[in-house]
Amino acid sequence: MTRIGWAAIGAVSVLTVAVAGCSSSDSGSSADSALAAGSALAAQIDQQQLIGHLEQLEAIAADNDGNRASGTSGYDASVDYVVRMLTDAGFDVQTPEFEFDQFIWGNQTLSADGTDIPVEALQFSPATPDGGLLAPLVVGAPDALGCTAEEWGDADLTGAVALVTRGTCEFSQKARVAAERGAVALLIANNDDGIVDGTLGGKDNSPIPVGGISRESGNELRAQVPGSVDLTLDTQTTTSQSRNVIAQTSTGSTDNVVVVGAHLDGVPEGAGINDNGSGVAAVLETARRLGGDPDVTNAVRFAFWGAEELGLFGSEKYVESLSEDELLQIALYLNYDMVGSPNAGYLTYDGDDSDRVGAPAGPEGSAAVERISEIGLLEAGVSPNGTDFDGRSDYAPFVSAGIPAGGVFSGADDRKTDVQAELWGGEANEPFDPNYHTAQDTLENIDRDALLRHSRAAAFSVGAFAHSVEGPNGVPVGDARVEARATQ
Ligand SMILES: [Zn+2]
């Protein structure tokens, strides 16, 4: 990794501060002045301030059983800290509560005629009664899907365990149909390799336990009818509450809101300083530098998500809570989740799928978000690589809602390649963060240079888009946005 670029960058930033605020009424083309506005905000990001936030989060974990996990006093103290920092910076801060269901898989067994058959409860499946279920097995026609009552013909499902095949309709519909016909549980055989691994979508979507089995096991069971099965699915669904932290500038158009987020919760194993204290520090310091009433064209909304580690619940519930109009007001979403990895990578979410790896391109505009993120890292003195838009962080609910998204990332448990080690230094074929989700994810193990470069790239993107979301580095606006979201 070059360190030379850094010095050059410093010089350039000082220059741009003198020229541009963040509103697009300034002279010169909107695209150029957007870049200048990005540079101006990036230059204000100070490493010591970032480290200061991490020190506070680490102290919070130390005072709260060593972690800042969702549902703990460590998380609540993290919320209080972020709220205080944002309020001091002139923001009107909200901490909206949300409720989410967590599903716990316990003991799962299935046997027929003394033969054990691998089975997995579908997510949110009710549990079988204590001691399990011993009941006759009823199967429909070969490959019956069980989507309608008619499909069962005159079969008597009363008190039986029913067996159907995956396909065509939702798992929960198959379960409700079988239950209406008197079944006490449902088994769903796969129509592909492996055991069915799916969800019922919510805790109230099936009145009976539902287990997934493989295609082969389905055929084995069909060959044993008439017969009975012994099914045990020990499962539990708990409903929990948590909070997000939301703060929006009082200035800037609310027709093109730039949303910037980082999850605030950590895993129970440790303080969660890289995952995701680093992203919190980057977003919090950007918010503090921007202030609550900046001279911007577009309003900026800062979000600190709860319960990300449990399943992206904070961002998901937030997106779900917005009306169609409120979703349309959001121009784009910037996500920062791990930006201080010890074996650091300089990655941008591959919004245009130019790497042709894994997930497809993001919603229209994601290419521009990636481009601005790349420029932010280049200005910070490093050459970026793409990383798959794999949905493993809080951009996923926004992408699902058709909102263009992106951001920068320093890597988690994936391994740095030889080429990347050439490019950035560090260890080839070693994880970007060997401390991922462990007690070793501490301030001591943060790459402070990577933290600064990524945080400046984050601030660059915020400054640029707060200035303008239009032009060659822009996203759909107005009618084009309505159309783009409609076709999503
Ligand atoms: Zn994370």
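The values are calculated or read from the model by the stated rules, or taken from the named source; none is laboratory data. All values derive from a computational prediction rather than experimental measurement. Ideal geometry is used to build each Cβ from the backbone, glycine not excepted, and the neighbour counts take in all protein chains shown. Heads up: the accessible areas ignore ligands, DNA and RNA and are worked out on the full protein's heavy atoms, side chains in. Shrake-Rupley method; radii C 1.70, N 1.55, O 1.52, S 1.80 Å.
Would you pick out the residues in the range 244-270 that are open to solvent by 10 Å² or more (accessible area, probe 1.4 Å) and under 14 Å from Gly74 (Cβ atoms)? Correct list: Val267, Pro268, Glu269.
Name the residue, out of Asp353, Asp337, that is within 19 Å of the chain's Cα centre (by Cα), more than 20 Å from Ser455 (Cα to Cα) and not in a strand (DSSP E or B). Break it down into steps so the answer makes sense when it comes.
Values: Asp337 fails: more than 20 Å from Ser455 (Cα to Cα).
The conditions single out Asp353.
If only residues of the range 246-270 that are of a type in the set (Val, Ile, Thr) and within 16 Å of the ligand (Cβ to nearest atom) are counted, the one that is nearest to Val399 (Cα to Cα) is Val260. In the range 377-394, the qualifying residues are those that are more than 25 Å from Phe304 (Cβ to Cβ) and among the small types (Gly, Ala, Ser), and the one that is nearest to the ligand (Cβ to nearest atom) is Gly386.
Suppose the filter is of a type in the set (Ser, Thr, Tyr), touching a residue at least 12 places away in the same chain (Cβ under 8 Å) and over 21 Å from Pro397 (Cα atoms); does Thr348 pass it?
Working: of a type in the set (Ser, Thr, Tyr): yes; touching a residue at least 12 places away in the same chain (Cβ under 8 Å): yes; over 21 Å from Pro397 (Cα atoms): no.
No: the conditions fail for Thr348.
Looking for something among the polar types (S, T, N, Q), in a helix (DSSP H, G or I) and over 20 Å from Ala459 (Cβ atoms) - is there at least one such residue anywhere in the range 63-82?
Within the range 63-82, one or more residues are among the polar types (S, T, N, Q), in a helix (DSSP H, G or I) and over 20 Å from Ala459 (Cβ atoms).
Residue by residue, here is whether (1) among the basic types (Lys, Arg); (2) more than 16 Å from the ligand (Cβ to nearest atom); (3) more than 17 Å from Asn276 (Cβ to Cβ) holds:
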position	(1), (2), (3)
Gly426	no, yes, yes
Asn435	no, no, no
Ala450	no, no, no
Arg456	yes, yes, yes
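Consider the range 276-322 and keep the residues that are assigned to a strand (DSSP E or B) and under 21 Å from Phe98 (Cα atoms). The one that is farthest from the ligand (Cβ to nearest atom) is Arg301.
Condition check ((1) in contact with a Ser or Thr (Cβ under 8 Å, 6 or more places away or on another chain); (2) not assigned by TED's automatic domain parsing to the domain that holds Val369) across all residues:
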site: Asn205; (1), (2): yes, yes
site: Pro209; (1), (2): yes, yes
site: Glu216; (1), (2): no, yes
site: His263; (1), (2): yes, no
site: Glu269; (1), (2): yes, no
site: Leu284; (1), (2): no, no
site: Arg289; (1), (2): no, no
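Residue-by-condition table, conditions (1) part of a helix (DSSP H, G or I); (2) within 16 Å of the ligand (Cβ to nearest atom); (3) out of contact with any Asp or Glu (no Cβ under 6 Å at 6 or more places or on another chain):
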{"residue": "Ala344", "(1), (2), (3)": "no, yes, no"}
{"residue": "Ile375", "(1), (2), (3)": "yes, no, yes"}
{"residue": "Ala396", "(1), (2), (3)": "yes, yes, yes"}
{"residue": "Ile403", "(1), (2), (3)": "no, no, yes"}
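Screening the candidates Ala421, Ala458 for the property of being of a type outside the set (Ser, Thr, Tyr), farther than 12 Å from Ser341 by Cα and out of contact with any helix residue (DSSP H, G or I) (no Cβ under 6 Å at 6 or more places or on another chain) yields one hit, Ala421.
Looking only at the range 125-133, decide whether some residue is out of contact with any helix residue (DSSP H, G or I) (no Cβ under 7 Å at 6 or more places or on another chain), open to solvent by less than 50 Å² (accessible area, probe 1.4 Å) and assigned by TED's automatic domain parsing to the domain that holds Ala303. Spell out how you get there, then give the answer.
Filtering the range 125-133 for residues out of contact with any helix residue (DSSP H, G or I) (no Cβ under 7 Å at 6 or more places or on another chain) gives 125-133.
Those left that are additionally open to solvent by less than 50 Å² (accessible area, probe 1.4 Å): 125-128, 132-133.
Subset that is assigned by TED's automatic domain parsing to the domain that holds Ala303: none.
No, every residue in the range 125-133 fails to be out of contact with any helix residue (DSSP H, G or I) (no Cβ under 7 Å at 6 or more places or on another chain), open to solvent by less than 50 Å² (accessible area, probe 1.4 Å) and assigned by TED's automatic domain parsing to the domain that holds Ala303.
Within the range 298-342, the residues that satisfy the criterion of being of a type in the set (S, T, N, Q) and open to solvent by less than 10 Å² (accessible area, probe 1.4 Å) are Asn298, Ser315, Asn335, Ser341. Right, Ala127: under 21 Å from Ala458 (Cα atoms) and in contact (Cβ under 8 Å) with a residue 60 or more places away in the chain or not? Criteria not met by Ala127. When Ile273 is tested against (1) crowded, with 24+ Cβ neighbours inside 10 Å; (2) away from the ligand (no atom under 16 Å from the Cβ), only condition (2) is not met. Residues that are of a type outside the set (A, V, I, L, M), closer than 29 Å to Asp46 by Cβ and part of a helix (DSSP H, G or I) within the range 408-450 comprise Gln420, Trp424, Glu444, Asn445, Arg448, Asp449, listed in sequence order. Might you check whether a residue that is within 15 Å of the chain's Cα centre (by Cα), among the hydroxyl-bearing types (Ser, Thr, Tyr) and closer than 23 Å to Phe465 by Cα occurs anywhere in the range 398-409? Checking the range 398-409: at least one residue is within 15 Å of the chain's Cα centre (by Cα), among the hydroxyl-bearing types (Ser, Thr, Tyr) and closer than 23 Å to Phe465 by Cα.
Residue by residue, here is whether (1) in contact with a Cys (Cβ under 8 Å, 6 or more places away or on another chain); (2) surrounded by fewer than 21 Cβ atoms within 10 Å (Cβ to Cβ); (3) more than 30 Å from Val267 (Cα to Cα) holds:
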| residue | (1), (2), (3) |
| --- | --- |
| Ala421 | no, yes, no |
| Gly425 | no, yes, no |
| Asn429 | no, yes, no |
| Ala439 | no, yes, no |
| Thr442 | no, yes, no |
| Ile446 | no, no, no |
| Phe460 | no, no, no |
| Val469 | no, no, yes |
| Ala486 | no, yes, yes |
